[in-house]
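All of the numbers you see were taken from the coordinates with simple rules; none came from a lab. All figures in this text were calculated on a predicted structure; none of them were measured in a lab. Glycine also receives a Cβ, built like all others from the backbone with ideal geometry; neighbour counts cover every protein chain displayed.
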Amino acid sequence: MLDFFRKLFKKPAPRQDTATTAPLDEQQIQSIISGPSARSDIQQLISACGQSVGKQRDLNEDSILAITATLAGNSGNTPFGLYIVADGMGGHQFGEVASNTAIRTVAGTIMRKFHPYLFNLKPEPLDESLQEIILSAVGEAQKTIQREAPGSGTTLTAALILGQQVTIAHVGDSRAYMIYADGRIEPVTRDHSLVKRLEELGHISPDEAANYPHRNVLYRALGQGEGLEPDIFTIPFPSAGTLMLCSDGLWGVVSEQDVLHTFRESPNLQRACQNLVASANAAGGPDNISVVLIQLLG
Amino acid sequence: MDDGNNSTPRRQLQAGTTLSQRYLIQEVIGVGGMGSVYRARDLHFPNVVKLVAVKEMINLAPDPLVRQTIVQNFEREANLLATLNHPSIPRIYDYFSQDDRSYLVLEFIHGKDLEAIITDTDGFLPEEQVLAWGIELCDVLAYIHSHSPDPIIFRDMKPSNVMINHNGDVILVDFGIAKTFQTGVKGTMIGTEGYSPPEQYRGDATPLADIYALGATLHHALTRRDPRLEPPFSFAERPIRKMNPAVSIELETVIATALQYNVEERFPSAADMKDALVSAGRKTGVLSHLPTSNLQASAVKPLWTFTCEDEIRGTPAIHQGTLFIGSYDNNLYALNAADGKFLWKYPTDGGIVSRPGVYEGNVYFGSEDRRLHVVGARSGKVVWTYYTDGPIRSSPRVAEGHVFIGSDDHHLHAVNLNTGRAAWKFETSSSVRSTPFVANELVYVGNESGDFYTIDFRGEMKWRFQAKRAITSSPIVAGQAVYFGSMDSTLYALDARNGWILWRFRLGKSSIVSPAVAENIVITGAADGFIYAIETQSARELWRFRTEHQVSGSPVIYKDSVYCGSVDGQIYCLEYRSGRLRWKYATKGPITGSPLVYDDIVYIGSTDHQVYALLA
């Protein structure tokens, strides 16, 4: 594995020739590596993304979005973030159209609601709850996909962050994970997949699930069926923790323990994303890989 | 248990004996292999009758090693119980030894064991009743089986170890041989023949052994056939419906699965068995009309009542055995919480419709005479009074050396506890009848024009939110959200730090009810007569319970029950996860205040002028 990373990061090395650098001492490096412990007196979000088409496909059908901002207002500065992963269903026509449409419609609907807060001088009070806003955005996306790419489908895992609250809308088998400061990693979404349902019902064991032939079959997807019901819930951002959104191109091939290990060994969020993508590719890269990592500082 | 010791009767403690200068023995309530179980009164609570169960273990083993092992087992039971916290497991209060005897002091359970219920019932127990108990037993098994670091195996599930309390809920008793299970480690066979599965006889007890024994217990309850009198593992030859044809084929199938000879053919976990029981109940429809306990009807009688001169619209408070409650007859009453005896009353010049606050020996309460009164809790004599410019209907909140209270004069007042003078007044757009909540160094309060304010300790506003109609409901902050209801028929969940709406839940009608929160459930009520339970993260409705009139009093969560009054005059006790009715009690007038539950007693005032004390 180490060799692999060495290979991966060999190329940019030549730049050193022209750069003037003041070498950091060991202590400084350690403090940088330990990352977010550099406390911030104002809460703020940081995020990073990674994507890869994988090793075995020609087409990228995943779409991601990351918007990180701070809302200035009379109750202080409020961190604002919108992060989405959508995985267009392969085998359906226009998987990439579906995931793309989902991202644009959901983000567009949500950002329009927040437009006054972000860009207007006199914000009108929002008359809807965060859960209502994200629900209506998913509903819009459902309609748009059915209109513009009928027959196609996509997963959608969207996290809307305001202050310390994370409101999640979820359909399909992309996932949101919480990585806690104490070193635990835990999915916070439930896959809407046949294999997960069989596992929940006790028909197959987790081991059997890992090798189940129809692992890609979803029973709920955006763009598919009538009366779509996304899972919507609000949870607090774990203190000193990290929120990860990813497609099954990552979680399906890299175990939670390896995700955790790679994350903890990476010096910062951006490198963590790159390393996670690299480890999914190293494991064969059977599918498109998408990952978004978000931290709340302060 | 060692049956060999059973034949020699030993000296039982006499009623009137005091153990450890604390537990006054009242009577023998059970006899086990190693000693008796007594009902006793805890003398550390002189003002209330607090009953406990004292389980005795007499150690007569001559061999010192055996003696030591027996004491260790007893200690292990004590330590095991101390780590468990579940409504279906008795709480342990104390553990001590005297001479040859060791004692466990446990929660006293008002009720009867399942074996006695089976014996005392003419004919068969109703299927829905047995099903409901089975579901609760699966819950408690799932809880102990998921104990960390190692699962606990109860190992002795049988009707005589299942108590049914006065609410009709099951309590698992006798953890004497329960054992933490370490994978790969073989245990020895203990348990009760007839109920125990084959592998337990081979010294191999896993969570699946408890599932088998639960199947045997339910089989016994439905058929009245005691498995101890039958050949071991012969359940397959005695299908339930052969003896009791009224049982549904669905339930029979679930129990037969639990009783499979081969471990791998049983349910893989108690949670799976519960799911199977629930879906059997759904299919046959018996879950939709679960009976409330047959033990309950007679159980709900007031311990005492006290009559005021006018309606009680407010909520009681308790402090050191004294109950304080205001009445529309202008008086604040102090009553002995144990027997309802009148201690003193303090007259004001207006009705008292709120909940008094008790802090450091003083009682704080507002009156419609516009004043905040402060009275000595023991003496009933005035300490100081504070004038506002309008009737007070908000309840006081004491925090950080100040009392915070709203008034119809449109202000939230912060009054210094020592001086009785205003530290500041915060002006709002209308009357403040909501009770302020203090959290995160902020004061949260609503008003009658629908504004919701967050004010810091200097009296400066942090943020404001506007509902469409009045917020009479008092906010509660739990986790990172603040919850309150409004006359606009909405239950709001706002981010407690910045006021963003996390979610809104649409109620059938307007609400002045102050929500209660426990774990992930927020409970509230509305003028449509429903009590609602909503999941805090997803805003999904878990259940709603219909009372016969408006719900204006606020719910209280105590242990795993919700207590809430209704304008229909009744106080309801509901299981808080399912909304199932445990009991209700009818007063003679509408209830608009909230109950107070303390030490297993519910105190509630009614507009019939009376204060009631009921067993929780």
Average beta-carbon neighbours from other chains, 10 Å sphere, peptide B:500-509: 5
Using alpha-carbon coordinates, inclination of helix B:64-82 to the longest axis of chain B, degrees: 40 degrees
Neighbourhood charge, 12 Å Cβ-Cβ cut-off, centred on A:Ala176 and excluding it, Lys, Arg +1 and Asp, Glu -1: -2
Separation in nanometres of the label points that stand 7 Å from Cα toward Cβ, at B:Ser429 and B:Thr307: 4.7 nm
Relative contact order for chain B, counting Cα pairs under 8 Å that sit 6 or more residues apart, in percent: 7 percent
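Tally Lys/Arg at +1 and Asp/Glu at -1 over every other residue whose Cβ is under 13 Å from the Cβ of B:Glu400; what's the total? Before the final figure, lay out the partial values.
Numbers: positive: B:Arg397, B:Arg458; negative: B:Glu441, B:Asp456.
So the environment of B:Glu400 carries a net charge of 0.
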Gain on full stretching of the segment that runs from B:Arg224 to B:Gln14 - 0.36 nm per residue minus C-alpha separation: 72.1 nm
Test item: B:535-542 mean partner chain Cβ contacts at 10 Å: 4
0 to 90° range, to nearest 10: angle between helix B:249-258 axis and chain B longest Cα axis: 70 degrees
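For peptide A:292-298, how many partner chain Cβ atoms fall within 10 Å of a residue's Cβ, on average?
What the average comes to for A:292-298 is 0.
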Sequence ranges B:313-324, B:422-433, B:38-49, ranked by mean other-Cβ count within 10 angstrom, highest first: B:313-324, B:422-433, B:38-49
Inter-part distance where the range B:556-616 and the range B:383-458 are each reduced to a Cα centre, Å: 28 Å
Modelled FRET efficiency - R0 41 Å, B:His44 with B:Glu265, Cβ distances, 0.05 increments: 0.20
The range A:195-298: GluC sites (Glu not before Pro) in DSSP loop, at most 16 other beta carbons within 10 Å: A:Glu226
Cβ-defined net charge surrounding B:Glu115, 14 Å radius [Lys, Arg +1; Asp, Glu -1]: 0
Listed residue pairs exceeding 24 Å between alpha carbons, taken from B:Lys341/B:Lys381; B:Lys112/B:Lys559; A:Lys113/A:Lys143; A:Lys196/B:Lys559: A:Lys196/B:Lys559
Paramagnetic label zone (point 7 Å from Cα along Cα-to-C-beta, B:Asp389; backbone N under 16 Å) in the range B:397-416: B:406-414
Size of electric dipole in the protein assembly as shown: Cβ of Lys, Arg +1 and of Asp, Glu -1, about Cα centre, debye, nearest 20: 1120 debye
Degrees between helix B:127-145 axis and first principal axis of chain B (Cα, 0 to 90, nearest 10): 90 degrees
